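Asker: After the structure tokens below, expect a handful of questions from me.
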Amino acid sequence: MRQSFVSLFRLIIGLLAVSAFAGDAQLDTLLKNVEGRYNRAKSLQVLFTEHYTPSRNATRTESGTLMLRKPARMRWDYSQPKGKLLVEDGKYLWLYTPNDNRVEKMKVQESDDMRAPLAFLLGKLHFDKEFRNLQGKVEGADTRVTAEPKTDNLPYSAVEFVVSPDARIREVKVTGFDHSILDFSFDQEKLDPPLDSKLFQFQMPPGAHLEEAGQ
């Protein structure tokens, strides 16, 4: 797969702030609350800021609006860089880069896109089934949850979630096996907003060049 496709989810002070989360029961309760929040949602809209750091390279920052809708629909509308678009329609991933007026297309099951952990937000989110070595640490009012994927055939080796007291995921950090990092922060989350299905149907921009993975 082309590299450009790959390059594409802070209560206690002092010693408690740097110690492990106080007890497995508290962590379990927090994760269950997160699961309940997102598993009940049919759609989601949130502002995002994305910091992408390839291994041994400078960080690139992008931002925009993320929309998700069950089942398995995602749309990333970028305001920076303006016009960039990523759409998952349930079968294919489409990435449009306006600078070169190019569209990249690939089957969802063949994608090693590191945004994959964010799809859990509108899937059947079960931390114990998807992750191992789950740990929590208090950071101010929030909790940072660190985990590893249960399977080794994924393109990332570690995931971190920053969760607010109301079980809202505020940050997601994904570390790839190549030591690249995707770090997302989220703001102005809306649960179950009305999202037209047409938002998740990709339309080829006029004159854009299409490249299909595997061809």
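Asker: Mind checking which pairs have a first residue in the stretch 184-211 that is among the aliphatic types (A, V, I, L, M) and assigned to a strand (DSSP E or B) and a second that is modelled with pLDDT of 95 or more and surrounded by 14 or more Cβ atoms within 10 Å (Cβ to Cβ), Cβ under 7 Å, 6 or more apart or different chains?
Answerer: Leu210/Val103
Asker: Considering only the stretch 133-147, how many residues are surrounded by 15 or more Cβ atoms within 10 Å (Cβ to Cβ) and either touching a Phe, Trp or Tyr at 6+ places or on another chain (Cβ under 9 Å) or of a type in the set (Phe, Trp, Tyr) (or both)?
Answerer: 9
Asker: Another question, if that's okay. List every residue pair whose Cβ atoms lie under 7 Å apart, where the two residues are 6 or more positions apart in sequence or sit on different chains, the first residue falls within the stretch 83-112 and is under 19 Å from Leu68 (Cβ atoms), and the second residue, located anywhere, is polar (S, T, N, Q) and open to solvent by 40 Å² or more (accessible area, probe 1.4 Å).
Answerer: Partner pairs satisfying both residue conditions: Asp89/Gln201.
Asker: A further question on this structure: Could you list, in sequence order, the residues of the stretch 158-179 that are open to solvent by 40 Å² or more (accessible area, probe 1.4 Å) and in a strand (DSSP E or B)?
Answerer: Glu160, Arg170, Lys173
Asker: Could you please tell me which pairs satisfy a Cβ distance under 9 Å, a separation of 6+ or placement on different chains, a first residue in the stretch 35-48 that is among the acidic types (Asp, Glu), and a second residue that is surrounded by fewer than 19 Cβ atoms within 10 Å (Cβ to Cβ)?
Answerer: Pairs that qualify, where the first residue is among the acidic types (Asp, Glu) and the partner is surrounded by fewer than 19 Cβ atoms within 10 Å (Cβ to Cβ), are Glu35/Lys124; Glu35/His126; Glu35/Ala167.
Asker: Being among the small types (Gly, Ala, Ser) and over 23 Å from Gly176 (Cα atoms) is the filter; apply it to the stretch 42-88 and report the residue that is surrounded by the fewest Cβ atoms within 10 Å (Cβ to Cβ).
Answerer: Ser79
Asker: Within the stretch 169-183, does at least one residue satisfy the condition of being at pLDDT below 95 and more than 23 Å from Arg60 (Cα to Cα)?
Answerer: Scanning the stretch 169-183, I find no residue that is at pLDDT below 95 and more than 23 Å from Arg60 (Cα to Cα), so the answer is no.
Asker: Moving on to the next point. Can you pull out the residues in the stretch 145-157 that are closer than 17 Å to Asp128 by Cβ and part of a loop (DSSP other than H, G, I, E, B)?
Answerer: Lys150, Thr151, Leu154
Asker: If you don't mind, there's one more thing I want to ask. Say we look at the stretch 142-199 and pick out the residues that are polar (S, T, N, Q) and touching a His at 6+ places or on another chain (Cβ under 9 Å); which of these is farthest from Trp76 (Cα to Cα)?
Answerer: Ser157
The values are calculated or read from the model by the stated rules, or taken from the named source; none is laboratory data. Predicted model, so just to flag it, every value in this text is computed and none were measured. With ideal geometry, Cβ positions are generated from the backbone for all residues, glycine too; neighbour counts draw on all protein chains shown. Heads up: the accessible areas ignore ligands, DNA and RNA and are worked out on the full protein's heavy atoms, side chains in. Shrake-Rupley method; radii C 1.70, N 1.55, O 1.52, S 1.80 Å.
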